[in-house]
Amino acid sequence: MDTPAIRTENLTRTYRLPRRRWGKAPAPDAPREFTALAGVTLDVRPGELFGLLGPNGAGKTTLIKILTTLLAPTSGTAEVGGLDVVSQARRIRPFINMVSGGESSGYGILNVRENLWLFARMYGVPTALAHDRIDSMLGVVGLTEKAGSRVSHLSTGQRQKMNFCRGFITDPKVLFLDEPTLGLDVTSARAIRGFVREWMKQDPSRTLLLTTHYMAEADDLCDRLAIIDQGKVLACDTPGNLKKRVQEYPIFELSLAPGSGGWAKLGDLPGVHQSTAVEKPESIEVKVALFEEPAIGAVVQTLATNGARILALKKVEPTLEDVFIELVGHGLADAEETTAKGAPADA
Ligand SMILES: Nc1ncnc2c1ncn2[C@@H]1O[C@H](COP(=O)(O)OP(=O)(O)OP(=O)(O)O)[C@@H](O)[C@H]1O
Ligand SMILES: [Mg+2]
């Protein structure tokens with residue numbers, strides 16, 4: 001079996017909390033530490049595009065910092081490419097890279113190209129190859145015209161795009177993207193997702209770990225994902241399997257013209273698990289849960305033979321939001337509203 005690209009076992013990280021604040025003595029019962037990761041066990045295979053999905057403060061960045069050797073675990077183990085993040089950190093660093101969506105790194109007095117070139121050279125990328133990769137990456141994010149601009153003159157989104165480029169010009173084997181589309185406009189976010197997908201297809205030995213709190217982005221991009229909250233992995237599976245958990249039966253919604261008949265009989269059909277209907281002045285809204293999807297044929301047939309006019313018919317797909325609510329007890333969007341992180345960029 002392949003060595004996992006990323007593996008953690010019972011990984012924990014606690015942060016020590018300051019004892020004194022504003023010169024006041026601490027309350028005797030004030031906690032001394034905060035647990036950001038509480039026993040995380042994960043296995044990411046080479047070639048996987050793996051997602052970490054969780055609300056603010058869930059521990060995503062803490063986990064990425066440990067995996068990128070920037071932060072030591074408190075206990076448990078973490079390996080990248082089969083190497084231990086603590087004792088073999090120096091061997092891990094050359095083949096990984098990390099980009100954080102919210103960061104404002106870069107040397108302000110250098111221009112975009114110089115920044116990227118400097119970074120590529122630190123990783124030992126030959127100059128000519130570095131320039132080729134820089135050109136191609138700037139094209140991907142639409143920053144070609146800003147290649148000669150000082151980083152301090154870039155807008156927040158442009159700086160973020162430059163950082164995104166930085167992640168790829170070293171051609172890492174394992175790449176960590178912490179909220180890559182945070183705050184980007186719709187078109188840019190879409191271009192970045194498209195590129196990430198292509199980049200993974202180009203070389204099956206690449207592995208990418210991505211954090212996001214945009215449900216649709218996780219759903220769209222990730223082969224598998226872990227839902228994390230308060231430092232714990234609550235579930236880890238493919239987006240499809242996670243969604244199946246919350247919806248046992250296929251569900252369809254039908255909108256019928258007023259006066260339509262037949263809807264009251266739907267619950268008696270052999271393929272129908274459950275049927276509900278709400279009569280409104282302008283329509284009758286019917287919801288049917290089926291044992292198997294093809295039973296929708298019998299539903300439509302029954303309605304038609306009873307003189308019903310179907311105005312609309314759609315399958316109700318569960319979302320990762322539904323999965324999240326079931327696991328955490330509240331929606332991710334609820335958690336988001338209380339922060340100043342901005343709206344999802346067309347995720
Ligand atoms: N240096 C630190 N000292 C104390 N607590 C910290 C420190 N860094 C992070 N924390 C706490 O650890 C928890 C996890 O933080 P982390 O940055 O890993 O969350 P996150 O999942 O990345 O959240 P976000 O979606 O907001 O980026 C938070 O409650 C945070 O306040
Ligand atoms: Mg974070």
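Assorted remarks:
- Consider the range 208-266 and keep the residues that are in contact with a Lys or Arg (Cβ under 6 Å, 6 or more places away or on another chain) and in a strand (DSSP E or B). The one that is farthest from ligand 1 (Cβ to nearest atom) is PHE252.
- When we screen TRP199, TRP117 for residues that are over 18 Å from the mean Cα position of the chain (by Cα) and free of Cβ contacts under 8 Å to residues at least 60 places away in the same chain, the only hit is TRP117.
- Residue check, ILE228 surrounded by 15 or more Cβ atoms within 10 Å (Cβ to Cβ) and within 18 Å of the chain's Cα centre (by Cα): yes
- Unmet criterion (only one of (1) farther than 19 Å from LEU11 by Cβ; (2) surrounded by fewer than 19 Cβ atoms within 10 Å (Cβ to Cβ)) for GLY82: (1)
- Filtered by the rule that a residue be among the small types (Gly, Ala, Ser) and away from ligand 1 (no atom under 12 Å from the Cβ), the range 34-81 gives GLY39, GLY47, GLY51, ALA72, SER75, GLY76, ALA78, GLY81.
- Residue match in the range 188-205 (condition: assigned to a loop (DSSP other than H, G, I, E, B), of a type outside the set (Lys, Arg), surrounded by fewer than 17 Cβ atoms within 10 Å (Cβ to Cβ) and within 16 Å of ligand 1 (Cβ to nearest atom)): no
- None of ALA25, ALA78, ALA36, ALA58 is more than 19 Å from CYS236 (Cα to Cα) and either of a type in the set (Gly, Ala, Ser) or in the same structural domain as THR238 (by TED's automatic domain parsing) (or both) except ALA25.
- Scanning the range 80-107 for residues that are in a loop (DSSP other than H, G, I, E, B) and polar (S, T, N, Q) yields SER87, GLN88, SER104, SER105.
- Restricting LEU52, LEU42 to residues that are part of a strand (DSSP E or B) and within 16 Å of ligand 2 (Cβ to nearest atom) narrows the list to LEU52.
- Single condition GLY47 does not satisfy, out of (1) assigned to a strand (DSSP E or B); (2) more than 16 Å from ligand 2 (Cβ to nearest atom): (1)
- Failed item in (1) closer than 30 Å to GLU317 by Cβ; (2) aromatic (Phe, Trp, Tyr); (3) touching a helix residue (DSSP H, G or I) at 6+ places or on another chain (Cβ under 6 Å), with PHE168 passing the rest: (1)
- Residues satisfying the stated conditions in the range 230-282, i.e. free of Cβ contacts under 8 Å to residues at least 24 places away in the same chain, closer than 30 Å to LEU52 by Cβ and among the polar types (S, T, N, Q): THR238, ASN241
- The range 108-140, residues that are of a type in the set (A, V, I, L, M), loosely packed, with under 12 Cβ neighbours inside 10 Å and part of a loop (DSSP other than H, G, I, E, B): ILE109
- Condition met for LEU110 (among the hydrophobic types (A, V, I, L, M, F, W, C) and either at pLDDT below 90 or at positive phi (or both)): yes
The values are calculated or read from the model by the stated rules, or taken from the named source; none is laboratory data. The model shown is predicted, which means the values in this text are computed figures rather than measured ones. For neighbour counting, all protein chains shown are included, and Cβ atoms are generated from backbone atoms with ideal geometry for every residue, glycine included.
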